[in-house]
Amino acid sequence: MRFYEPAESQPCYYCKKFKENEESDYPLRDAVFTYEKFVYRCSWHSQFACSKCGKTSHFSWFYWCPEKKELICGDCSKPRLHPVKFWDRTYAYEFFCESCNKIHYDILYTEFCGEHPWQLGVYDLKTALGDPDPWEPMWSPEKKRSGEPLSLEESLKLENRVFELRRDLNVFEPIGSIVSQSELKPSKTQDAWEEFSAHWLTIADSDSEDEGDPNRRFVIDPTLMKLLGPVDGLKILDAGCGNGYLSRKLASLGAIVTGVDFTEPFIEYCNMREVESPLGCTFIQASLDDLSFLNDGIFDLVVSNVVMADVVNYQQAFLEISRVLRNDGRFIWSNTHPVFGGARAFDIKLPRDSHRQEERYLKLIDRYFDSGGILINWDGHEVWQIDRTLEEYSKALKEAGLVISEIVEPRPTPEMIQENPRFLAFDADRWTHFIIFECLKRKSDSSR
Ligand SMILES: C[S@@+](CC[C@H](N)C(=O)[O-])C[C@H]1O[C@@H](n2cnc3c(N)ncnc32)[C@H](O)[C@@H]1O
Ligand SMILES: [Zn+2]
Ligand SMILES: [Zn+2]
Ligand SMILES: [Zn+2]
């Protein structure tokens, strides 16, 4: 697979980057080296040889000791991270020099500062090219400088590349940046759902409203229904019921279902359907983090289908769900997969309009530990996607007295794929966008 065909002659990758960040006339030197046939570089930004071990390495892996006139690599002297904002970078490598007992920095940073050995007039460095004069043209900042100091935390912040790519390609385009768990506002996610609900109801309608969208029909539901088992006679809470398709499905199998959702138009729609063709369902508008209108221990089963990625106070919601469950009752919930689903993952697919899923090259995942919510543009509507790590969910469940008894990652059978190639072939059998947890309510001890 080839990502990129290099032009005959082109400027150096790093020169181009630095020029974008440099107000003065940074030179675009010709690229003469490549090590991976992907990135082409000039001699300033190619490789050097270490004065100590003789090995050649990437230029930014070296420091220059002006006293000893030695270029030492990071394998011979282990660097620390020095937080500093310069060009598009947020740190430099900081070396302690055994020869002169001083601190030196890598020559990427020292070039910015104006203290690169070539800028200091030292020309006899061993470069990959050797003679003659590989370092032309010369460039130096107007005066010596050192960039802006940063805290360690600031220096370790990195924009999620998946978000950048999504913005470039307008695919569920992230708006703004991640909002951390503690800063997320429940009222904002509720407003977004109120606004989105009409569109959601039409998507559901066009996808055959009582079977759910293709993800539900072909991927989640077969696995979810198997995990639920026989539901006849069970008292079930459908937590975050949406248009209520699952509530109706379970009720038609004999369950006594209560559906809760905080979006008013969904509850109105569910009630309208219940009046049209009664199945004995009760629908209540409420937020999952406050189910105080429901008594303790009244449900055999709580099901929640792709909802937690929308719930701000998920820890409180788990506590409430646990409270309304009877001892040994089950909590079965699906969610966008913490690794492969959600906003931090992205399928590279070229061309993007192809319906053949194998034209997805690969999945990109970035910044897994950056938990929180991000606004996404979904068909012109703003919706929140909240991504958390597996560890955060597992911890919150434990604190709510819910013990994970099984984790299922839905995977369709070859026969299912044959019947639904557009959605399943080389997609749902290649990675999973969803995860389903079965949890058991631990018998409450006196502490709960
Ligand atoms: C992706 S939809 C899934 C709906 C339904 N379970 C289904 O499978 O079609 C997420 C639902 O969660 C609801 N929701 C989000 N946060 C909620 C909260 N804090 N309390 C109650 N409902 C919430 C939304 O209104 C929306 O209906
Ligand atoms: Zn260069
Ligand atoms: Zn070395
Ligand atoms: Zn030194």
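The values are calculated or read from the model by the stated rules, or taken from the named source; none is laboratory data. This structure is a prediction, so every number in the text was calculated from the model and none was measured. Positions of Cβ are generated from backbone atoms using ideal geometry, with glycine treated the same way; all protein chains shown enter the neighbour counts.
When the residues of region 84-128 are filtered to those that are part of a loop (DSSP other than H, G, I, E, B) and among the polar types (S, T, N, Q), which remaining residue is surrounded by the most Cβ atoms within 10 Å (Cβ to Cβ)? Going through the qualifying residues, I end up with 119.
Residue 17 meets all of the listed conditions (1) surrounded by fewer than 16 Cβ atoms within 10 Å (Cβ to Cβ); (2) modelled with pLDDT under 90 but one, namely (2).
Exactly one residue out of 216, 248 is in the same structural domain as residue 424 (by TED's automatic domain parsing) and under 19 Å from residue 438 (Cα atoms): that is 216. Residues in region 394-402: is at least one more than 15 Å from residue 313 (Cα to Cα), modelled with pLDDT under 95 and part of a strand (DSSP E or B)? Within region 394-402, not a single residue is more than 15 Å from residue 313 (Cα to Cα), modelled with pLDDT under 95 and part of a strand (DSSP E or B). Across region 59-76, the qualifying residues are those that are over 11 Å from residue 106 (Cα atoms) and either within 11 Å of ligand 4 (Cβ to nearest atom) or not acidic (Asp, Glu) (or both), and the one among them that is surrounded by the most Cβ atoms within 10 Å (Cβ to Cβ) is 70. Among the residues of region 268-286, those that are surrounded by fewer than 22 Cβ atoms within 10 Å (Cβ to Cβ) and closer than 25 Å to residue 192 by Cα comprise 268, 271, 272, 273, 282, 284, 285, 286.
Taking the conditions (1) more than 16 Å from ligand 4 (Cβ to nearest atom); (2) of a type outside the set (Val, Ile, Thr); (3) assigned to a loop (DSSP other than H, G, I, E, B); (4) farther than 16 Å from residue 116 by Cβ in turn, residue 81 satisfies each one other than (3).
Residue-level analysis places residue 93 among those that are more than 16 Å from ligand 2 (Cβ to nearest atom) and either at pLDDT 95 or above or closer than 26 Å to residue 153 by Cβ (or both). Filtering region 23-32 to residues that are touching a residue at least 60 places away in the same chain (Cβ under 8 Å) and either in contact with a Phe, Trp or Tyr (Cβ under 7 Å, 6 or more places away or on another chain) or not assigned by TED's automatic domain parsing to the domain that holds residue 46 (or both) leaves 26, 27, 29. Among the residues making up region 414-434, those that are under 14 Å from residue 222 (Cβ atoms) and touching a residue at least 24 places away in the same chain (Cβ under 8 Å) are 416, 420, 423, 424, 428, 432, 434. Among residues that are among the hydrophobic types (A, V, I, L, M, F, W, C) and closer than 23 Å to residue 410 by Cβ, residue 201 is not included.
Highlighted here are the strands (runs of 3 or more DSSP E) found entirely within region 312-378 that include at least 3 residues which are within 23 Å of the chain's Cα centre (by Cα) and surrounded by fewer than 21 Cβ atoms within 10 Å (Cβ to Cβ): 345-349, 360-365, 372-378.
Within region 222-246, which residues are within 9 Å of ligand 1 (Cβ to nearest atom) and in a helix (DSSP H, G or I)? Passing the criteria: 245, 246. Of all residues assigned to region 71-87, at least one qualifies as being within 31 Å of the chain's Cα centre (by Cα), within 13 Å of ligand 3 (Cβ to nearest atom), closer than 27 Å to residue 157 by Cβ and not polar (S, T, N, Q).
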